1. Which residue out of A:D83, A:D95 is of a type outside the set (S, T, Y) and either within 10 Å of chain B (Cβ to nearest Cβ) or under 16 Å from the mean Cα position of the chain (by Cα) (or both)?
2. Checking B:V105 against (1) surrounded by 16 or more Cβ atoms within 10 Å (Cβ to Cβ); (2) free of Cβ contacts under 8 Å to residues at least 12 places away in the same chain: exactly one of these is not met. Which one?
3. Taking into account only those residues within segment A:98-120 that are aliphatic (A, V, I, L, M) and not in a strand (DSSP E or B), which is farthest from the other protein chains (Cβ to nearest Cβ)?
4. Would you say B:G16 is at the interface with chain A (Cβ under 10 Å from one of its Cβ atoms) and either touching a Leu at 6+ places or on another chain (Cβ under 6 Å) or farther than 20 Å from A:Q155 by Cα (or both)?
5. In segment B:47-77, how many residues are open to solvent by 20 Å² or more (accessible area, probe 1.4 Å) and either closer than 25 Å to B:R104 by Cα or in a strand (DSSP E or B) (or both)?
6. Every residue in segment B:143-186 that is open to solvent by 30 Å² or more (accessible area, probe 1.4 Å), more than 9 Å from chain A (Cβ to nearest Cβ) and in a loop (DSSP other than H, G, I, E, B), please.
7. Go through (1) out of contact with any Leu (no Cβ under 7 Å at 6 or more places or on another chain); (2) at pLDDT 85 or above; (3) outside any loop (DSSP other than H, G, I, E, B) one by one and return the number of the condition B:A194 breaks.
8. How many residues does segment A:18-43 hold that are of a type in the set (A, V, I, L, M, F, W, C) and part of a strand (DSSP E or B)?
Protein chains: 2
Amino acid sequence: MRATARAGKLIGVGVGPGDPELMTVKATRALRQADVVAYFAKAGNPSHSRATIAPYLRSGMIELPLAYPVTTELPKCSAGYRDALESFYAHAAADIAGHLEAGRVVAVICEGDPMFYGSYMHLHAKLAPRFATEVIAGVTGMSGCWSAAAIPIAQGDDVFTVLPATLPENELRRALARSGRLPRALYVERGTMAEEKMIPLAAKPDDDAPYFAVVLVPGWNHRPGAEPGTELGGER
Amino acid sequence: MRATARAGKLIGVGVGPGDPELMTVKATRALRQADVVAYFAKAGNPSHSRATIAPYLRSGMIELPLAYPVTTELPKCSAGYRDALESFYAHAAADIAGHLEAGRVVAVICEGDPMFYGSYMHLHAKLAPRFATEVIAGVTGMSGCWSAAAIPIAQGDDVFTVLPATLPENELRRALARSGRLPRALYVERGTMAEEKMIPLAAKPDDDAPYFAVVLVPGWNHRPGAEPGTELGGER
């Protein structure tokens, strides 16, 4: 049986970088109106997005935790890894579809912005052909970090690039050093959260980093009145 | 006379892509508590950011419009252009400094995110050495656009890049066509605003685009279960 668009609604809700105040007005409204709130978490770990929305949770809401499989023992490119993730997303989508078919509004809360490196899009791809959907943009983790650090990240004709940190940190560091950008690279950990930490990357003593970590390299060389070496990021 | 940090506070407030509901809770709170709200606008034009915050404006607030000089007759790399902009920012910073020295909280509202291609950072650079400052991250215009279009823009190991549209649109279009990406490129104009418009770039009949326009090219080739040609963006 194929559900109609009227049967329910899936909403991908961006909850921003971690500070509950950095949620949008639209996101808080969606949470108030949803019947079910679903969130991702690593199996056995608390959900960060669930912590972010705690101030806005309505009593009587149905909570639907979606626990990522533990895949640390599987190589990332292996068929086993892909199968484990694909099976996880298929089951998560089926659980959500059950609620949508029952006519419920399901808010899937997403750290940062749902369509920007987010897990939500896997569910969206599976469910959008069958159900009404809405995506609520959120403040990205990186915006939260460079705002907390007050670093102008890009201006004018600057090209802005996000490189997922799949390279070993030592290699990224050497590449930054060779290009002369290491002195203005800032390491930010858990930006906008209570445990926020930021230090110049050059001063970081180790190569360890948690999931919520980013290295910021400000551009902004061509602003009116700019002089070489006066970028704000470099001065911090 | 040098003002102390207690004399006032400068807040760069990201107001998001245009939909007032996409402002953060923190931004609305900052507006409620500010004494002065300052905003950029092209001379003779209404301010877009002022329109976005209209629902949150408190009566009795001091409004400080900052009118960009008209520079259309000046080449962008000319000394005249740079001088006109530099003089504009110097005067704007001086106007704001006057309010800060009088002990007022000044909220400079910024479309999207203040530190991401925003004019606010010019004021921040001039005033941060003398006054207390805070930057409130906002949803970027591009996030607003790809969320409105429900396009998964980047996933997994995707590298994400922002190219300012300083190339002629025809050239960008040819580059997209050569790389095989034109079929999945989406043109979005005034995303999340009342006049929002989106069409496949390939179907756009002309090369005209307003200031609030973006071309989205989704990545997301390496998701679990992905098959070539099944990217969501390409299907729209």
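1. The conditions single out A:D83.
2. Status for B:V105: all satisfied but (2).
3. The selected residue is A:A102.
4. Judged against the criteria, B:G16 is a match.
5. So the answer is 17.
6. Hits for segment B:143-186 are B:A165, B:L167, B:P168, B:S179, B:G180, B:R181.
7. It is condition (3) that B:A194 fails.
8. Selection size over segment A:18-43: 5.
The values are calculated or read from the model by the stated rules, or taken from the named source; none is laboratory data. Quantities reported herein were computed from a predicted structural model and do not represent experimental measurements. Every residue, glycine as well, gets a Cβ built from its backbone with ideal geometry; the counts of neighbours run over all protein chains shown. Side chains included, ligands, DNA and RNA excluded: accessible areas come from the protein's heavy atoms. Shrake-Rupley method; radii C 1.70, N 1.55, O 1.52, S 1.80 Å.
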